[in-house]
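The values are calculated or read from the model by the stated rules, or taken from the named source; none is laboratory data. Here the structure is a predicted model, which is why all the values come from computation and not from measurement. For neighbour counting, all protein chains shown are included, and Cβ atoms are generated from backbone atoms with ideal geometry for every residue, glycine included. For the accessible areas, the whole protein counts, side chains as well, though only heavy atoms, and no ligand, DNA or RNA atoms are used. Shrake-Rupley method; radii C 1.70, N 1.55, O 1.52, S 1.80 Å.
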Amino acid sequence: TSRAIALLTRGFERIGDPEVRSAYVVALGLVGPEANDQLAPLTTLVKDRRENASLRGHAALSLALIGSGHLDVRKSLRDALSDKRSIDLRSQAALALSFLGGDSEAKRLVAELEGAKTLTKLIFGSI
């Protein structure tokens, strides 16, 4: 497993295409708690507003899949909730927080999803 974690980490750190990097990030999250050593780079990725929003959202979900409720992880996920440029990032951050536990986090997820529904209605009309 440690060899797989090293390969996945190198993939998301060195490849330029955000979609390919997202695949590596999600796969790393699927490793679960054994990828705990990768919390710092994933947290940094979630925080980096210069990165692709979808990639940041996938990193947020990977943090939840690894299962760490570490304070810095939760802070980076909460900060991602305030990024107004991407509703997908905010939804993924809210989902990640809800995976990490707590009713208040689940309520944030519901609020984000309601916001997405409202935005969809504004853009496309009644669906």
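Checking P33 against (1) surrounded by 13 or more Cβ atoms within 10 Å (Cβ to Cβ); (2) under 14 Å from L61 (Cα atoms): exactly one of these is not met. Which one?
(1)
Would you confirm, using the coordinates I've provided, whether F99 is open to solvent by 60 Å² or more (accessible area, probe 1.4 Å) and of a type in the set (F, W, Y)?
So F99 passes the test.
Please verify whether A93 is modelled with pLDDT of 95 or more and either surrounded by 15 or more Cβ atoms within 10 Å (Cβ to Cβ) or in contact with a His (Cβ under 8 Å, 6 or more places away or on another chain) (or both), treating the condition exactly as stated.
No: the conditions fail for A93.
Tell me the residue from V20, V73, V26, V46 that is among the β-branched types (V, I, T), in a helix (DSSP H, G or I), open to solvent by 20 Å² or more (accessible area, probe 1.4 Å) and within 16 Å of Q92 (Cβ to Cβ), please.
Only one candidate qualifies: V26.
State whether one or more residues within region 1-9 are within 27 Å of I87 (Cβ to Cβ) and either part of a helix (DSSP H, G or I) or of a type in the set (S, T, Y) (or both).
No, that holds for no residue.
How many residues, within region 56-70, are in a helix (DSSP H, G or I) and either at pLDDT below 85 or more than 21 Å from G115 (Cα to Cα) (or both)?
6
Any residue in region 92-112 that is of a type in the set (S, T, Y) sitting within a Cβ distance under 7 Å of a residue that is modelled with pLDDT under 70? List the pairs, counting only those 6 or more apart or interchain.
These pairs meet every condition: S98/E105; S98/A106; S98/L109.
May I ask you to list the residues in region 76-90 that are assigned to a helix (DSSP H, G or I) and open to solvent by 50 Å² or more (accessible area, probe 1.4 Å)?
Within region 76-90, R78, D79, D88 qualify.
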